Amino acid sequence: MVIGVAAATFLLLHAVPGSPAREVLGEHATPAAVAALNHRWGLDRSLGSQFVRYVGDLVTLRLGVSFVYGISVISLIGDHLAETAALVGIATLFAVLITVPLATLAASRRDRLADQAVRGLSVLGLGMPAFWFGIVLIEIFALRLGLLPVGGAGSGLWGHIESLILPGLTASFAIVPLLVRSLRVGMLEVLGADFVAAARANGLGELRVLLWHVARNAVIPTLTLLGLNIAYLVGSTVIVENVFALNGLGSLLLSSISSRDFPMVQGITLVLAISVVLINLATDLLAARLDPRIRLG
């Protein structure tokens, strides 16, 4: 998948009209200056020659130098990676903390008011764009209540954590409805199993039965869905980071696309693709850890 993403990114960047040299030098640059910069970057070569050079750089783990910033792509990605990783991590945490109680409530109150309310909120959430939800959170918690910062990375450890709360909630909002619906359906299927009736007959409390026996056995499909959506979060941070003025890979990718910074876009896309592969691998390993039947298979 990583190889496919790398090749597709290269071809799509060169298919889009526009000149990186023109973007860097400005619209008033002379044709000679543009041609000289294209030659310096190797953009005046044939597409096949550029692709061979690109693949050779990847094999030797070189991502090149940014056209715009003039420094190593790897160093730039390293400077912005931590911000995106922290955002994805806190968004995942919020998604789990919101999903488990809501799904448990809905499954334990099937077809009652609580279940209908949770299902209705899930459908409503699927129809709302994440950036709109982020703006609403800013309006309520930052501007009116003054509890959290409007945007930026904050200063110090606690300031940085505070700055990620609203972006994390915004990013998690995009995946929570799917996770709630998936876990609810899984729990409803498990609730009718014989071992659940046996646990209740042995005098176990309802909450313990729901969380320890039902949720644990119903979580595997939702865990797989969570892994896929964490991978989605990695790519969707572009919008969230721009809404909250975070200096992560998403904002860097957007600015690099606008400025036609080929090495930067290719490098970030490659890192995101590798992240998706690793997240899916970790999800499979965790599922096998939770369910012995997967390990036996």
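General remarks:
- Positive dipole terminus of the chain, leading residue within Thr99, Tyr69, Gly159 (C-beta point charges): Thr99
- If the convex hull is drawn through the Cα atoms of the chain, its volume per residue in Å³: 177 Å³
- In region 2-59, a dipole from Cβ-located charges (positive for Lys and Arg, negative for Asp and Glu) runs towards its positive end, and of Ser19, Val52, Ala7 it is Val52 whose Cα lies farthest in that direction.
- Relative contact order, percent, the chain [alpha-carbon distance under 8 Å, six or more residues apart]: 27 percent
- Fluctuation leader among Asn229, Asn38, Asn217 - the chain, Gaussian network, Cα springs under 10 angstrom: Asn38
- Largest-first principal axis extents of the Cα set of region 2-59 (Å): 38, 18, 15
- Gaussian network model of the chain, springs between alpha carbon atoms under 10 Å - residue of Leu12, Leu169, Leu249 with greatest fluctuation: Leu12
- With 0.36 nm allotted per residue and the present C-alpha distance subtracted, the Asp44-Val59 stretch has 3.1 nm of extension available.
- Highest-fluctuation residue, Ala153, Ala197, Ala273 considered, GNM on the chain with Cα pairs under 10 Å: Ala197
- Diffusion coefficient, µm² s⁻¹, Stokes-Einstein with Kirkwood Rh over alpha-carbon pairs of region 114-157 at 10 °C and 1.306 mPa s: 128 µm²/s
- Near Arg260: Cβ cut-off under 11 Å, other residues only, Lys/Arg at +1 and Asp/Glu at -1. The net charge is -1.
- Two-decimal Rg to Rh for region 1-135 - Kirkwood Rh, Cα set: 1.21
- Between Ser75 and Ala193, the simple spin-label model (points 7 angstrom out along Cα→Cβ) gives 5.4 nm.
- Distance between modelled label sites at Val16 and Ala142, nm, 7 Å Cα→Cβ extension: 2.6 nm
- Lys, Arg +1 and Asp, Glu -1 on Cβ, resulting dipole of the chain about Cα centre, debye, nearest 20: 640 debye
- Distance between the 7 Å Cα→Cβ label points at Ala82 and Trp132: 3.6 nm.
- Here is what passes the span test in the chain: the DSSP H helices with alpha carbon length of 24 Å or more along the helix axis and a Kyte-Doolittle mean of -0.5 or above are 73-108, 156-173, 215-243, 262-290.
- Note on Glu23, Glu83: ascending count of other Cβ atoms within 10 Å places them as Glu23, Glu83, the fewest first.
- Test item: Cα-centred dipole of region 12-143, Lys/Arg +1 and Asp/Glu -1 on Cβ, debye: 340 debye
- When +1 charges are put on Lys and Arg Cβ atoms and -1 charges on Asp and Glu Cβ atoms, the dipole computed for region 2-59 relative to its Cα centre reaches about 120 debye.
Laboratory data are not the source of any read-out in this text; all were calculated from the coordinates shown. Here the structure is a predicted model, which is why all the values come from computation and not from measurement. With ideal geometry, Cβ positions are generated from the backbone for all residues, glycine too; neighbour counts draw on all protein chains shown.
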